[in-house]
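Heads up, the thing below is written out as structure tokens.
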Amino acid sequence: MIRFDDVTITYAGASSPTLSHVDLHVPEGEMALVMGRTGSGKSTLLRAVNGLVPHFSGGTLRGRVVVDGRDTATHRPRDLADVVGFVGQDPLAGFVTDNVEDELAYGMESLGVAPSTMRKRVEETLDLLGLADLRDRPLTHLSGGQQQRVAIGAVLTTHPRVLVLDEPTSALDPLGAEDVLATLQRLVHDLGITVLLAEHRLERVVQFVDRIIHVPGNGSPVEAGEPADILAHTPIAPPVVQLGRVAGWSPVPLTVRDARRRSGALREALADVPPPAHRATTLGEDVAVVRDLVAGYPRQPVLHGLDLRVQAGEIIALMGRNGSGKSTLLRTVVGLHKPTSGRVRADDVGLVPQVPADLLYAATVADECTMADRDAGADPGSTRGLLDRLAPGIPDEQHPRDLSEGQKLSVALAVVLAAEPRLVLLDEPTRGLDYTAKQHLVEILHQLADDGHGIVFATHDVELVAEVASRVLVMADGEIVADGAAPEVVVASPAFAPQVSKVLAPQPWLTVHDVAAALGRTTATQGVGHE
């Protein structure tokens with residue numbers, strides 16, 4: 001169904017190809033995962049499938065990309081619209097209409113689908129993706145996760161034979177992501193649709209896919225194969241695979257269930273070892289106080305009498321389903337939303353929003369970093385240094401809006417963190433970040449907390465919460481329904497528990513790093529019995 005024959009893609013002005021000599025074949029009715037480091041070329045590979053590369057991106061494509069018998073060199077994206085459905089990383093940028101129902105119908109109107117068929121498909125898709133209650137809602141009033149589901153639904157209604165998705169679960173809560181992936185799997189199994197998706201949150205996806213396409217970047221060859229074979233040696237892997245490597249299991253497990261069935265010897269080795277105390281925090285003065293806050297849209301409150309206190313040295317994770325009010329709370333604290341009633345006190349606040357490009361104005365990455373240093377009163381090179389820790393290798397001359405979503409996020413993070421605001425607010429700070437960049441972000445946040453900054457981040461990334469949060473708040477319907485130390489809140493929640501916790505429960509381990517450190521004290525680091 002999808003075939004790459006010796007494909008090399010080089011963008012104008014680039015010193016080297018983004019993809020080099022790629023040979024791939026994805027058969028009909030398979031779900032394939034494209035994985036790799038931030039900026040490695042995953043999005044370029046996806047966009048080559050429907051002709052966006054090179055017809056809209058520019059640059060040079062050598063070799064052939066053939067989809068359902070059509071050569072993308074001679075078929076522009078509009079000529080492939082009846083075969084390939086594409087969902088990009090930024091749903092809002094792809095919307096054409098104003099509300100949910102119209103957006104679901106637009107693609108079918110463009111293809112000339114009969115009105116009676118359109119109505120039926122819209123209703124099916126509303127139910128399939130849990131959007132029925134939002135059918136008349138303006139798209140700009142949706143949460144990021146809700147927008148992502150609408151974007152996926154708008155493509156599904158056209159019934160494409162090939163579905164290409166760039167980070168489809170990045171803004172979805174854990175249960176919503178599982179529902180979307182299960183839906184895609186049903187389309188693959190029941191209708192024979194071919195699905196090609198890129199995703200950094202591998203822990204969500206690997207159990208669903210038939211093959212993995214690893215894009216290492218830096219000119220290294222692209223490789224494809226069975227998930228267990230690829231993940232046995234790749235530098236990036238989900239926590240359950242990393243746990244299997246630490247324990248010495250072969251083949252590595254791909255699911256929590258598989259890992260739990262093998263974990264007997266590992267549990268015994270850890271039984272008498274107390275898990276490390278979760279991050280000790282020396283709390284300082286208040287950096288934000290929220291009292292009885294009501295805020296949202298006109299005649300549609302999102303937050304209902306919410307109270308929150310943030311102290312210097314705290315790293316607070318906001319969790320909860322899409323639409324629970326996390327982003328509204330952050331935007332109200334920073335002053336982008338005016339409270340309907342209640343009080344917000346916060347000084348020296350920096351926010352990285354869900355759409356990081358909103359913070360990027362300069363013509364080059366170098367100019368962006370220089371402006372950030374000047375505005376923050378920081379030493380020259382400070383912003384660039386932070387950026388190189390998060391996403392090394394981004395050229396100075398690159399236009400920020402030409403970067404991948406993960407690279408844009410890294411630039412926006414560097415710009416905000418260079419100013420070292422007393423209160424740092426982050427809205428989905430790991431969207432588009434690979435595991436290495438995420439680990440660097442964890443180190444930066446720990447350093448800021450140690451230096452007396454308060455940090456609040458909204459996220460659906462349970463693994464990030466396990467690594468960095470000292471306190472977790474769970475929101476629902478504009479209220480805080482749980483508030484406590486990270487181990488207490490996430491371990492008790494089936495939806496928000498990290499993979500290691502699920503594997504080793506009821507033992508209260510949260511991260512692979514903690515398990516590896518414990519094994520180093522109790523048994524050989526080479527493994528705890530092969531399976």
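The values are calculated or read from the model by the stated rules, or taken from the named source; none is laboratory data. Remember, predicted model here, so these are calculated numbers, not experimental data. Every residue, glycine among them, receives a Cβ derived from its backbone with ideal geometry; neighbour counts consider all protein chains shown. With ligands, DNA and RNA removed, areas are computed over all heavy atoms of the protein, side chains included. Shrake-Rupley method; radii C 1.70, N 1.55, O 1.52, S 1.80 Å.
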Query raised in the report: When the stretch 155-191 is examined, which residues are found to be touching a residue at least 60 places away in the same chain (Cβ under 8 Å) and part of a loop (DSSP other than H, G, I, E, B)?
Result: 158, 160, 161, 167, 168, 170, 171, 172, 173
Query - residue 88 vs. criteria at pLDDT below 90 and either open to solvent by 20 Å² or more (accessible area, probe 1.4 Å) or in contact with a strand residue (DSSP E or B) (Cβ under 9 Å, 6 or more places away or on another chain) (or both) - result: yes
Requested in this report: With the condition kept exactly as written, say whether any residue in the stretch 147-167 is over 25 Å from residue 194 (Cα atoms), aliphatic (A, V, I, L, M) and out of contact with any Gly (no Cβ under 9 Å at 6 or more places or on another chain).
Outcome: no
Report summary line: Filtering the stretch 379-411 down to residues that are outside any loop (DSSP other than H, G, I, E, B) and among the β-branched types (Val, Ile, Thr) yields 383, 411
Report summary line: Among (1) in a loop (DSSP other than H, G, I, E, B); (2) under 21 Å from the mean Cα position of the chain (by Cα), residue 455 falls short only on (1)
Query raised in the report: Of the residues that sit in the stretch 502-519 and are open to solvent by 10 Å² or more (accessible area, probe 1.4 Å), in a helix (DSSP H, G or I) and of a type in the set (A, V, I, L, M), which one is farthest from residue 201 (Cα to Cα)?
Result: 517
Requested in this report: Can you run down the residue pairs with Cβ atoms below 6 Å, 6 or more apart or on separate chains, where the first is in the stretch 107-127 and in contact (Cβ under 8 Å) with a residue 12 or more places away in the chain and open to solvent by less than 40 Å² (accessible area, probe 1.4 Å) and the partner is assigned to a helix (DSSP H, G or I) and small (Gly, Ala, Ser)?
Outcome: 107/154; 118/105; 122/105; 125/153; 126/132
Query raised in the report: Using beta carbons and a limit of 7 Å, which pairs, at least six apart or on different chains, have the first residue in the stretch 129-154 and in contact (Cβ under 8 Å) with a residue 24 or more places away in the chain and acidic (Asp, Glu) and the second one part of a helix (DSSP H, G or I) and open to solvent by 30 Å² or more (accessible area, probe 1.4 Å)?
Result: 136/101
Query raised in the report: What tally of residues in the stretch 12-26 results from selecting those that are of a type in the set (Ser, Thr, Tyr) and either under 21 Å from residue 163 (Cβ atoms) or modelled with pLDDT of 90 or more (or both)?
Result: 2
Report task. Tell me which of these residue 175 doesn't satisfy, since it passes every other one: (1) under 17 Å from residue 438 (Cβ atoms); (2) aliphatic (A, V, I, L, M); (3) modelled with pLDDT under 85. Result -> (1)
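Quick grid of which residues meet (1) within 23 Å of the chain's Cα centre (by Cα); (2) farther than 21 Å from residue 183 by Cβ:
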| site | (1), (2) |
| --- | --- |
| 206 | yes, no |
| 213 | yes, yes |
| 216 | yes, yes |
| 232 | yes, yes |
| 235 | yes, yes |
| 243 | yes, yes |
| 272 | no, yes |
| 286 | no, yes |
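For the stretch 1-102, which fully contained helices (runs of 4 or more DSSP H) count at least 1 residues that are without any contact (Cβ under 8 Å) to a residue 24 or more places away in the chain and of a type outside the set (Phe, Trp, Tyr)?
Hits in the stretch 1-102: 52-55, 91-94.
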Query raised in the report: What number of residues in the stretch 152-175 are of a type in the set (Gly, Ala, Ser) and either open to solvent by 10 Å² or more (accessible area, probe 1.4 Å) or in contact with a Leu (Cβ under 8 Å, 6 or more places away or on another chain) (or both)?
Result: 2
Query raised in the report: What about residue 289, is it β-branched (Val, Ile, Thr), touching a Leu at 6+ places or on another chain (Cβ under 8 Å) and at pLDDT below 95?
Result: no
Query raised in the report: When only residues in the stretch 370-394 that are charged (D, E, K, R), within 14 Å of residue 419 (Cβ to Cβ) and touching a residue at least 12 places away in the same chain (Cβ under 8 Å) count, which is surrounded by the fewest Cβ atoms within 10 Å (Cβ to Cβ)?
Result: 375
Query raised in the report: Quick one: residue 363 ticks every box in (1) modelled with pLDDT under 95; (2) in contact with a strand residue (DSSP E or B) (Cβ under 9 Å, 6 or more places away or on another chain) bar one, so which box is it?
Result: (2)
Query raised in the report: Across the stretch 335-355, what is the number of residues that are open to solvent by less than 60 Å² (accessible area, probe 1.4 Å), in contact with a Pro (Cβ under 6 Å, 6 or more places away or on another chain) and not aliphatic (A, V, I, L, M)?
Result: 1
**Report entry** Residue match in the stretch 481-501 (condition: hydroxyl-bearing (Ser, Thr, Tyr), closer than 16 Å to residue 275 by Cβ and buried (at least 20 other Cβ atoms within 10 Å of the Cβ))
**Finding:** yes
Query raised in the report: Residues of the stretch 1-18 being over 16 Å from residue 67 (Cβ atoms) and surrounded by 19 or more Cβ atoms within 10 Å (Cβ to Cβ), which ones?
Result: 17, 18
Requested in this report: Sort out which residues of the stretch 412-443 are hydrophobic (A, V, I, L, M, F, W, C), open to solvent by 10 Å² or more (accessible area, probe 1.4 Å) and assigned to a helix (DSSP H, G or I), and write them in order of number.
Outcome: 415, 416, 418
Requested in this report: Filter the stretch 52-85 down to the residues that are within 16 Å of residue 6 (Cα to Cα) and of a type outside the set (A, V, I, L, M, F, W, C), then identify the one that is least open to solvent (accessible area, probe 1.4 Å).
Outcome: 72
Query raised in the report: Could you say whether any residue in the stretch 309-324 is open to solvent by 10 Å² or more (accessible area, probe 1.4 Å) and without any contact (Cβ under 8 Å) to a residue 40 or more places away in the chain?
Result: yes
